[in-house]
Each structure stands twice: as C-alpha cells, then as structure tokens.
Amino acid sequence: MLQLIADGLVVGSTVSLGAIGLTLTYSLLRFANFGHGELLTTGAYAALAVVTAITAWGVDAPPIGPFSFGWPLLVALPVAAGATALVALAIDALLFARLRARGSAIVLIIASFGAALALRNLLLFVFGPLPEYYSREIQIAVALVPRGVMGGMRVTPDQMVVLGLALAAMVALHVFLTRTVLGKAMRATAMNPDLARITGIDTAAVIRATWILGAALAALAGVFAGLTGQVRTTLGFELLLPMFAAAILGGVGSIHGAALGGLVVGLAESLLTPVLGAEYRAASAFLAIIAILLVRPAGLFGRVAR
Amino acid sequence: MTDLAGLASYAAFFLAFAGIFAVIVLGLNLHWGFTGLFNVGVAGFVAIGAYVSAILTTPDHPGQLGGFALPVVVGWLGAAAAAGLAGLIVGAATLRLRHDYLAIATFGIAIVIQLVALNAQWLTGGPFGLHFVPKPFEASLGAGLPFNAAYLALVVGVVLLVHAGLERLVRSPWGRVLRAIREDEVAAESLGKRIFAFRLQAFVIGSAIMGLGGALYAHFIGYIAPEDFLPILTFQLWTMLIVGGAGNNRGAILGAVVVWAVWAISGGALRAIMPPDAQTRGAALQVVLIGILLAAMLILRPRGLLGEETAISRHAAAREPEG
Amino acid sequence: MTAALAVHDLVAGYEPGLPIVRGAGFAVEAGEILAVLGPNGAGKSTLGKAVAGIVPVASGSVRLAGREIVGDPAHRMARLGLGFVPQTDNVFAELPVEDNLDLAAAVAGAPRARRIAEMFALFPDLGRQRRLDAGRLSGGQRQMLAVARALVAAPRVLILDEPSAGLSPKLAQLVFDKLAEIARAGVAIVLVEQNVRAALALAGRAIVLVEGRVRLSGAAAALAADPRLGDAFVGRGEAA
C-alpha cells in the first residue's frame, strides 16, 4: 500500500510537470495540444544526446553519491529544456501560428496530432527503436518504511531526486506566475487576451514565453520519466492520456489544478494497478477522465466554465 | 504474362485497400465533415468492427474464442452494430461537452481498445491476434488475383452503397440540421436536447460505418492483430479526409485513394533506398512524410482537393446564369 | 499645437467590406473631454475600439500626439500613451486589485509603486481592497479599477466605452466626477456614452455619430440646446 503510494507520487510528479505545460498552452492558445507528449520525448532524447556526447568525449563522470547519474545529466537538463523550447517554438511558427491566424481552434488539434506523429517518428528515425538509459549503474532502493508496516516502502535515490526536483520546479513556477511581471502577464493573457493587449502586453511575446516555459517543463518531465524508466520514443505519448486527465481534473487552464491533478492521477494509476492489472494501467487515466467529465466537467479544482 | 497477372493482382489488392479506407473515411466524414464532431479514436471503432466480425464468422480453432462460423454478412452487420453501440456509449458520455473533451475521450477509448486487444487473450488472441478469418470467395475462386479482384468488386459495392446512403442522409432535412449545428454551435445550443440527439445519431451512424470498414479489412487479410489498429491508423484516415476535402463524400473517397497511394509509393521507395538494417527507421520516415503532407494541406489548401459542397454554393451556382 | 488625439476619415469594422465606422473623425486636446454620442448601432463603440487597435481599420488616420498609429499593434498603442477602458470584461478577474494595476504600470514602464499609490489616492475604495481578486469587486468598484488600470500607465489619451453602463445613476455620477478630475490633470478623454444628458454635462465638446459618420459636432452646451440632437437619434427610429 505504502509502496503503491510512493510509486504513484513519483510517476505523478512527472505527470504534473507535463500537465502544467499542457494546461499553460491550452489556456493561452485555446486548444488541446496532442503533440505535448512528444515534447517530453524530445527533452528525454536531447538529454540523452548530451550525456552520450559527454561520455563519448572520454570524460570520466562517475555517479554522484547514491544516484545512478553523474554531472553530465545535470548539464544535460538545461540543454534539453532549451532544445525542446526551440522545437516547440519552431512548430508554433511553422504550423500553429499560421492556423491560429485563420482562427479555427479545432483544426489546431488535428494539426497537433499530425505534428506529434511526425515528431515521434523523426525521433525514431534518428535514435532508432531500441530503448536507452541515461546510466547503466545499478541503484539500491532505500527502505524508508520497514516491510512490517503496511507492506513497507522502498524508494531509489533517483526517485527521490525526481520527486524533489519536480516539487521544487512547481514551487518555482508558482513564484514566477504570482510574483513576476512576465508571469502575471501570462496569466492575464490567458484570462483575457484582448484586455491584455489593450493593457500594453505584447501577447505574441507572451505566447512565445509560454511555449518556452511549457516545453522546458515538458523536457524536465521527459528526463525524469527516462531516468525512472526507459528513454524510448513512446515515452511522452504514453504519458499524454495521464497528462490530459490531470489537466481536466485540475480544471483546464488552472496551473495549480494541473499540478495537483498530476499527483492524483499518478496515485490513482498506481492504486488501481492491483485492481485492473498492470497490463491495463494505461486505462486508469482514461477511466479517470470519463468519471470527471461525467461528474464534474469543470474539474475538481476548477471553476465552472464560463 | 505472370508479371501482368501479378501486377493486376497487386492493383486489385491496392484498390481494395483504398476502398476499405474509403468506407472508414466516409464514416469519419459524417462525424467531422458534416457534424463537426472531433473523433481522434477512429482506429478503436475500426478495431471493434474487425474483431467482432472475426469472432462471429471464424470456424472453430483451438485456443481461439468463437467458432460460430456465421455467414460473413452476419459478421459485417454485427461489426457495424458493435461499433455503433460503442459510439452510442462514448457519444452519450461526451457529446454534450466541448469539442476538445470529445477529442481527448475518443483518444482514450482507442487506447483502451488497443489495451483490450493486446491483453484480453481469451477474447482477442492477445498479441498474436485472430487467425483464419474467412475470406469470402477464396475457396471457390482461388487465392491471388481472383480473390483480390472479387473482393475489390465487393468493396467497391460497399463503397457505392455507403456513399449513396450518406448522400441521401446529408441532403435530407436531417443532414441540413447537422450542418446547421456544425456552423453555429452557439445558436445550436439554444435548441438544447434535440441537438444532442442529432449529434448522437450522427456519431453512432459514423461509428457503425467505421466498424463495417474494420470488418472489410479483417476478411480481406484473413488475420488481425492489435498492431493493425494503432493511432497511426487514425492519423492516416484523418489525413485522407483532410486531403480529399472534409464535408464532401466524393472527396473522402478521393482522399483515401490519393493518400493510400502516397503511403504505398513512399513506403516502397524508402524500402528500396534504406539498407536492410535500417528498415524500421525508413518506416518512421514514411510517417513523418504523411505528417508533413497533412500539415501542408491544412496550411495551403485547408478545404482539401475537392472542397466542401455546400447547399449555399449549389444555390449560388444555380443562380449565376440568371445574373 | 498638435492635438493629443486626432482621428481623420476613419473606416473600420469587424468584417472586411462591412464597415461600421464609415469615415468618422474628431480631435481632442490635453485636458479636454470629448463625448461621442449617437443612437444604438451608430458605431460609437466600434469607433473607440478601432482607435484603440482592437477592431481592424480599413482606412483613415489616427494620430496620437502627432504620430500616426494606425497599423500599430494594440499593445504598442497602449505603450505610446493610449488608454482604453472596454465596456465589459475590463479587469483581470482572477488577479488581485493590486496586480491589475501593477501589471499595467510595469508593461508601460511607469514608476510602479508611485503610480499605484496615486491610483489608490484617487480611488480610495480600491486601496482598501488591494488584495481582493478583481472579479469579486462590486460593479462600481470594478469600473473604478478598469479606469485605474488604464490610468496607471499615465496615458496621454483615455478612451472609455460607456463607463456608466450598468451602474446606478449615483455610481455613474461618481465615475463621471473622477473623469473630470482626471481631465483636470491634463489627460485627454474620449467618452463614448449612451447617457446623453450626463455626458453633455461633463464634456466640453461632443460629436454625434449616425450610421458611422459624424452628423453633429460642437460645444457640449450648444449641442445640448440644439434641436437637431434629438433628430439625430430619432432619425434612426430610436429614442435617446
């Protein structure tokens, strides 16, 4: 039981980071981006490329303390975030911005679906179909709770760092959105784009900033997913449904809701696994979506839609 | 001579496939083109049709559910009914909600169906799929060209039938209401419950047609497995509709043929170019190509090759000579 | 001396080929209040929005302190000193009162703390509710915040779209009194108003728009006594 909760929180923190990016772009651009999962994958592979390149250089980078990874991965994190942001900006400029100008939000969803498959298969073309790892080091899970108490709880150092960094990123994001001018401008543009422009906010620049922020969080989530699992081309795609579930659960457009929603979805997935069976794990996110939409379409934490 | 027969056999095979896609795209066109319903889970509905028809018609084989050995026609009707029922359930849950929720929900449905196909071994054969799905005429006519040609004729018949049926439907008062709903969701909302009923009817009929398409596929290949119904299939079908022209039934058929041709030719070319050890990567490039085709189409020619035939434009065309 | 805002022969509308404003013009000096009047559907609100850059302009000229701003994006106009107060949805409902003002002051490059303090001095009610989300303010306070949001950026020109709509006569008068005070500080004000009597009492000059064109213009006091004023409204089959 405790173990399921721990696993759920680790997965959930990754889902949260992804869902925040999804809900950010949704609230500014008003479309469900089916390509968001591929931004996670892009981030995961960008980090892999950096780690591989540093290692290939012949640099000796032993694992840090109890973790499986060395400093190259820490260098790779910001590089991956930057690379993913560039990819997101490029897709927006080439595809979404042109379709936005024509004013049909629903066509954007189709386009994002196409962009997602193209991007995923481009990664498959470049990196090949075999799953990869940031490190082959074996890690020893730490028993936080002995086996006798509610089944016990064992967590690897990597999982702990993922959970910690994800929570830190969420706190940083909260501060950014509530304390800085750019953060407030983002929220203002999401609430009321016309009023934002009248107020003097360059909404095109805010949209670019939103892509950068959403993509950077996605890259972080992608690296975390790769670190606690495998780096593979379907990494982000498999998280797309949980991320949508988290965003809907939190009330689409609500950043705090998405963060909390991600943890809830991660927990639900983990706790439902013994019930549904591991092979149907992915279905639990879908069941969550349907249940929320039927019971409370505005999301558990969201306001009732306008 | 054998070459010629081989070529003819391949042509029949190619066209039969295009026809099967055309049937499914016609169903999608009723959803999106005429009603504005956003279904991202087409592959799921196709899979339901394929599996149901396979289970109903396949003779008894050890380790495989069914053995009902019912006539193929019964299988097809069962496929359409089952997919329609799935559409009824999904539609009833989501059609009152905004379009992006419908998209997300249908996307989820397709993933769940994929999981069931992969894991419910007693029902679907799991990753190995279902074998020995009866191929009509094959026993009496023989495999290869005769079967391909006969099945092509059958598929063409189904395409014509579905096309004719849909044309009647969308030109009826019922179809005009659908388009009115699609054009002005806000005004339509004031009509409340009846709009929901109209949407649900369109969603169920479209889903049933997709199921029928799945059954056509199953009996053409004689073997189905979960990987036949991945999200890439949904994506191909959407590209077909967008390329052909949403809201135009002839466009849906044209799009199916054109995109299937692009797919087949690019696949062949990539297989020829790529070294044997890089074939998987080559297949990935094929998807990238179709993705770019879809994006280019959306940007450069959003109305598709044929564009929508609207009641308004027909009026305008009719009135033009008068001045 | 150049006018704070000079609009010349403006044609504008939401759809191309369907102009709602069909060649309207006016000028307003610093410290002056100009009322834009007219029957429903005359294009007064569209005129205000077109000048502020949120309705497409087909042709014509808008000069802000002598500088042509037609074609500039709305956010640049705002930074150049054009303040606009929409009729509805005119505050960021989920941001606190103070953040509404802080954001507007920050993007305008105005000294934030000082300008916000000035706004709270002008609208003491807002100062008392500075931490409240703007969406929870009462109708009158919301309107005050909408004005303050535009004013905090220290604009040269302030355009208001029917600021008295939905307010009680008493609250409307309170808003108008504040506008008089703002004008005395040297801001040029363009007041698009449905409430003809109150607007003419406040404004120095006025224009009357009918079918997207200026039908009448002149000193507010003279217009108030002009019998053609009533005709302009009745001409469209509507009462003022």
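Here the mean projected area of the convex hull built on the C-alpha positions of the range B:61-184 is 10.6 nm².
May I ask you to sort C:VAL234, C:VAL28, A:VAL161 by Cβ crowding, counting other Cβ atoms within 10 Å and putting the fewest first?
Result, fewest neighbours first: C:VAL234, A:VAL161, C:VAL28.
Using alpha carbons only, how many angstrom separate the centre of the range A:197-261 from the centre of the range A:106-123? For the range A:197-261 versus the range A:106-123, the Cα centre distance is 16 Å. For the residues of B:282-294, the average number of beta carbons from a partner chain within 10 Å of their own beta carbon is 6. Karplus-derived 3J(HN,Hα) values for the range B:198-211, using 6.51 cos²θ - 1.76 cosθ + 1.60 with θ = phi - 60°, are 4, 4, 4, 4, 4, 5, 5, 5, x, 5, 4, 5, 4, x Hz; glycine and proline are entered as x.
Centre-to-centre separation between the Cα atoms of the range B:285-304 and those of the range C:108-125: 52 Å.
Positive-end ranking of B:LEU169, A:GLY226, A:THR203 along the dipole of the protein assembly as shown, with charges on Cβ about the Cα centre, is headed by A:THR203.
Would you mind calculating the gained length between C:ARG228 and C:THR2 on full extension (0.36 nm times residue separation, minus the Cα-Cα distance), in nm to one decimal?
Taking 0.36 nm per residue and subtracting the Cα distance, the gain is 78.3 nm.
The label point for B:LEU4 and the one for B:ALA143, both projected 7 Å from the Cα toward the Cβ, are 2.5 nm apart.
Expressed per residue, the C-alpha convex hull volume of the range B:13-229 stands at 108 Å³. What is the helix-to-structure angle for B:42-57, meaning the angle in degrees between its Cα long axis and the longest Cα principal axis of chain B, kept from 0 to 90 and rounded to the nearest 10? Helix B:42-57 and the main axis of chain B meet at about 50 degrees. A straight line joining the Cα centroids of the range C:146-209 and the range A:13-31 runs 40 Å. Counted over the protein assembly as shown, the DSSP beta bridges are approximately 60% antiparallel.
For the range C:91-154, the fraction of C-alpha pairs farther apart than 13 angstrom is 52 percent.
Packing order of peptides C:138-146, C:150-158, B:150-158, highest average first: C:150-158, C:138-146, B:150-158 (average count of other Cβ atoms within 10 Å over each peptide's residues).
Along the range B:290-304 the Karplus relation, 6.51 cos²θ - 1.76 cosθ + 1.60 evaluated at θ = phi - 60°, assigns HN-Hα couplings of 5, x, 5, 4, 4, 4, 4, 5, 4, 7, 8, 9, x, 8, x Hz to successive residues, with x for each Gly and Pro. Take each residue in C:73-81, count the other chain C-beta atoms within 10 Å of its C-beta, and the mean is 5. An ellipsoid equivalent to chain C, defined through the eigenvalues of its Cα gyration tensor, has semi-axes of 28, 20, 16 Å when rounded to whole angstrom and sorted largest first. Comparing the range A:17-136 with the 2.2 N^0.38 Å rule of thumb, its C-alpha radius of gyration ratio is 1.23 (two decimals).
Using the Cα centre of the range C:91-154 as the reference point, and only Cβ charges (+1 on K/R, -1 on D/E), how large is the resulting charge dipole? Debye, rounded to the nearest 20.
120 debye
Taking N as the number of residues in the range A:221-306, what is its alpha-carbon radius of gyration divided by 2.2 N^0.38 Å?
1.11
The charge dipole of the protein assembly as shown, taken about its Cα centre with unit charges on the Cβ atoms of Lys, Arg (+1), Asp and Glu (-1) only, comes to about 1580 debye. Expressed per residue, the C-alpha convex hull volume of the protein assembly as shown stands at 212 Å³. Calculate log10 I(q)/I(0) of the range A:27-237 for q = 0.08, 0.16 Å⁻¹, where I(q) comes from the Debye formula with a single equal point scatterer on each Cα and nothing for solvent. Rounded to two decimals, the profile gives -0.34, -1.09. Counting only other chain Cβ atoms within 10 Å of each residue's Cβ, the peptide A:122-128 averages 5.
All of the numbers you see were taken from the coordinates with simple rules; none came from a lab. Here the structure is a predicted model, which is why all the values come from computation and not from measurement. Methodologically, a virtual Cβ is constructed for each residue, glycine included, from the backbone with ideal geometry; neighbour enumeration extends over all protein chains shown.
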